[in-house]
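Notes follow the structure.
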Amino acid sequence: MEEAFIKIENVSYMYEENDGFAKIDRYAVKNVSLEIKEGEFVAVLGHNGSGKSTLAKLINMIYTPTSGKIYIKGRDITDENMSDEDIMGLRKTVGMVFQNPDNQLVATIVEDDVAFGPENLGIPSEEIRKRVDDALADVGMTKYANHEPHRLSGGQKQRIAIAGIIAMLPECIIFDESTAMLDPVGRKEVMESIIKLNREKNITVLMITHYMEEAALADRVVVIDDGRIISDGKPIEVFKKEKELRDCGLSVPQCTELVHCLSENGFDIKGECVDVVSCANMIFEALNL
Amino acid sequence: MSRIELIDIEYYHGKDTPYEIHALKNINIAIPEGQITGIIGHTGSGKSTLVQLFNGILKSHSGKVMIDSEDIWQKPKQIKRFRYKVGLVMQYPEYQLFEDTVYKDIAYGPKNMGLSEEEIDNRVREAAAFAGLDAELLERSPFDLSGGQKRRAAIAGIIAMRPDVLVLDEPAAGLDPRGRDSIFNNIREYQKTLNTTVIIVSHSMEDMARLCDSLIVMHDGEIAMTGSCDEVFSKADELVKMGLDIPQITKVMQLLSEKGIDVPKGIYTVEQAVEFLKSLRKSKKEALQ
């Protein structure tokens, strides 16, 4: 069998919470097992506080699991005896893009910012030049190479943050609600970059989001509630269970909801949809009396 | 209840510098009293600049801001009066929490207004309830709250000043679907109970469609459209040209209309779509008989 790129085995993560009276232990992630294959595009859904960001931070070794094992390309990343070099190597393999674009940019010129990662890896300067140019081209920001990051839009800033990760040649990128602070145009730009990296460069993508419409674009959707995985499958299979999703504070794309409502109202609609084109097609067929 | 009117407003960012941007051009609007008005527009269209004029955080370079027929800059030293009258909840207001308990944070505004201890206590509790914040959280540190709770605490801090006009800039950004719904329900309840004038800035057309009585569309620093949700969403093509996202349902209806179905304009919620399709099915059946 093909070895999983990321393999999470019975992982739990516990933290202390102060409720104003006493400290109590709480599980952010509870006994989670999950395998992600190389080149897969997986969306992780869950309400605020469901444990999805904690899971992402465990994979990138920002947190260490309380119990359980995580393997990246067969390498146990929870091994306490791992050297700093190994940790750096793995962080380079799995890059992370966060929510707030303003917190991730360090330099005063776009291309310097993208070069920051490779510079820290000790890459020769000609190689850095090439990587920066390639990375900016990948996110469609080549013409902004000499601009000042703080004058860019949110979507552009996020694409610069993504370029900074790509320049380290990662095999996997984790997006932790990277579109949450963007407007619709910025969200679209970032989603297009993510899809392109996954399809054209075979970068494994783990995307944490609150937007059902974005999750619908992934190959696979994992739903987390209360630190546990409660659903895992193709978007169409996951969004089929509308009630379950609503029960844990989530929703489904509007077009999925429309098709469900129509079928409840006696329309002859079979099957599911998660995008507007198939939704319109299904309704058109159902109307053809 | 209070009336805001903007007359011939011009505003520049970085006026008389090489980076001068004409952020607001020839703005003439009156905000309806005792209603919820939504302001939509892509990033950089001038929405946030516009709302900061309402209580004098920014001062326009020409034109007048009138509140209840009074020019707010008539006596600049009395601008504070209008800051209490128009409560502004900025974007990501949770970053502005600073006191050591939630209670003190909410009490900060009323305290500055010079109210009595008893009145402050009343207002803090009332505001917390309106914002959907459990009374038991009041003695906690704001930094121990979840993201959604922090947002509510920050909103309560403004409500506690009992403003005649409540302005919220992206109140639901970054929250999950349940959090979004519940904050919007709280705002709706608050508006109904006190008959306050409420102004909301948001990117989410789906949310605005459900919540607002009327809409103002900003584009490149100008007012591009005003009207009811029906009126505005019936111009879907124009909205898309301005870089705005239209609800998925509107897109599905557009596709059906391309397929030759006679779709009325201004369908933007699942309920409206179901009603329309039901009536369409009925008339088709009748035609066949």
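Of all the listed residues (A:251, A:263), the sole one being within 11 Å of chain B (Cβ to nearest Cβ), within 19 Å of residue B:269 (Cα to Cα) and either touching a Leu at 6+ places or on another chain (Cβ under 6 Å) or surrounded by fewer than 19 Cβ atoms within 10 Å (Cβ to Cβ) (or both) is A:263.
Are any residues in the range A:28-70 of a type in the set (A, V, I, L, M) and part of a strand (DSSP E or B), and if so, which ones?
Correct list: A:28, A:29, A:32, A:34, A:36, A:42, A:43, A:44, A:45, A:70.
Report, by residue number, each residue of the range B:205-227 that is outside any strand (DSSP E or B) and touching a residue at least 40 places away in the same chain (Cβ under 8 Å).
Looking only at the range B:205-227, we keep the residues that are outside any strand (DSSP E or B), and these are B:205-213, B:220-221.
Across the range B:205-227, the qualifying residues are B:205, B:206, B:208, B:209, B:210, B:211, B:212, B:213, B:220, B:221.
Just name the residue that is nearest to the chain's Cα centre (by Cα) out of those in the range B:12-35 that are part of a loop (DSSP other than H, G, I, E, B) and surrounded by 12 or more Cβ atoms within 10 Å (Cβ to Cβ).
First pass over the range B:12-35, keeping only residues part of a loop (DSSP other than H, G, I, E, B): B:14-20, B:32-35.
Add one more test, that the residue is surrounded by 12 or more Cβ atoms within 10 Å (Cβ to Cβ), and what stays is B:15, B:32-35.
Values: B:15: 27, B:32: 13, B:33: 14, B:34: 13, B:35: 11 Å.
Once the filter is applied, the top-ranked residue is B:35.
For the range A:184-289, which helices (runs of 4 or more DSSP H) that fit wholly inside it have 3 or more residues that are touching a residue at least 12 places away in the same chain (Cβ under 8 Å), among the aromatic types (Phe, Trp, Tyr) and more than 30 Å from residue A:96 (Cβ to Cβ)? Outline the logic, then answer.
Values: elements: A:184-201, A:212-215, A:235-240, A:242-247, A:254-264, A:276-287.
Hits in the range A:184-289: none.
For the range A:4-27, the set of residues classified as of a type in the set (Phe, Trp, Tyr), part of a strand (DSSP E or B) and in contact (Cβ under 8 Å) with a residue 24 or more places away in the chain consists of A:13, A:27, listed by residue number.
Can you tell me which residue is farthest from residue B:182 (Cα to Cα) among those in the range B:228-250 that are within 13 Å of chain A (Cβ to nearest Cβ) and part of a helix (DSSP H, G or I)?
Here is the first cut: in the range B:228-250, the residues within 13 Å of chain A (Cβ to nearest Cβ) are B:236, B:239-250.
Subset that is part of a helix (DSSP H, G or I): B:236, B:239-241, B:248-250.
Details: B:236: 27, B:239: 27, B:240: 28, B:241: 31, B:248: 22, B:249: 22, B:250: 24 Å.
That would be B:241.
Which one of these does residue A:206 not meet: (1) buried (at least 23 other Cβ atoms within 10 Å of the Cβ); (2) over 18 Å from the mean Cα position of the chain (by Cα)? Only one criterion is unmet by residue A:206, namely (2). Here A:287, A:206 are screened, and the one residue that is more than 10 Å from every other protein chain (Cβ to nearest Cβ), of a type in the set (A, V, I, L, M) and at negative phi is A:206.
Residue B:151: assigned to a helix (DSSP H, G or I) and not assigned by TED's automatic domain parsing to the domain that holds residue B:4, yes or no? Yes, satisfied. Taking the range A:216-242 as the region of interest, how many residues are within 14 Å of chain B (Cβ to nearest Cβ) and more than 20 Å from residue B:249 (Cβ to Cβ)? Summing the residues that are within 14 Å of chain B (Cβ to nearest Cβ) and more than 20 Å from residue B:249 (Cβ to Cβ) in the range A:216-242 gives 4. Could you tell me whether the range B:51-60 includes any residue that is touching a Ser or Thr at 6+ places or on another chain (Cβ under 9 Å), in the same structural domain as residue B:211 (by TED's automatic domain parsing) and not in a loop (DSSP other than H, G, I, E, B)? Yes.
Select from the range B:256-280 the residues that are closer than 20 Å to residue A:184 by Cβ and out of contact with any Phe, Trp or Tyr (no Cβ under 8 Å at 6 or more places or on another chain) and write down the one among them that is nearest to the other protein chains (Cβ to nearest Cβ). Before you say what the answer is, go through the steps one by one.
At the first step, the residues of the range B:256-280 found to be closer than 20 Å to residue A:184 by Cβ are B:266-270.
Pick out the ones that are also out of contact with any Phe, Trp or Tyr (no Cβ under 8 Å at 6 or more places or on another chain) and you get B:269-270.
Working: B:269: 8, B:270: 5 Å.
Among those that are closer than 20 Å to residue A:184 by Cβ and out of contact with any Phe, Trp or Tyr (no Cβ under 8 Å at 6 or more places or on another chain), it is B:270.
Okay, residues lined up against (1) under 24 Å from residue A:54 (Cβ atoms); (2) crowded, with 22+ Cβ neighbours inside 10 Å:
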{"position": "B:107", "(1), (2)": "no, yes"}
{"position": "B:117", "(1), (2)": "no, no"}
{"position": "B:120", "(1), (2)": "no, no"}
{"position": "B:127", "(1), (2)": "no, yes"}
{"position": "B:135", "(1), (2)": "no, no"}
{"position": "B:150", "(1), (2)": "yes, yes"}
{"position": "B:153", "(1), (2)": "yes, yes"}
{"position": "B:160", "(1), (2)": "no, yes"}
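Listed residues B:253, B:218, B:205, B:225; which is buried (at least 22 other Cβ atoms within 10 Å of the Cβ) and more than 10 Å from chain A (Cβ to nearest Cβ)?
B:218
The values are calculated or read from the model by the stated rules, or taken from the named source; none is laboratory data. As the structure is a computational prediction, the values presented were derived from the model and not from experiment. Glycine also receives a Cβ, built like all others from the backbone with ideal geometry; neighbour counts cover every protein chain displayed.
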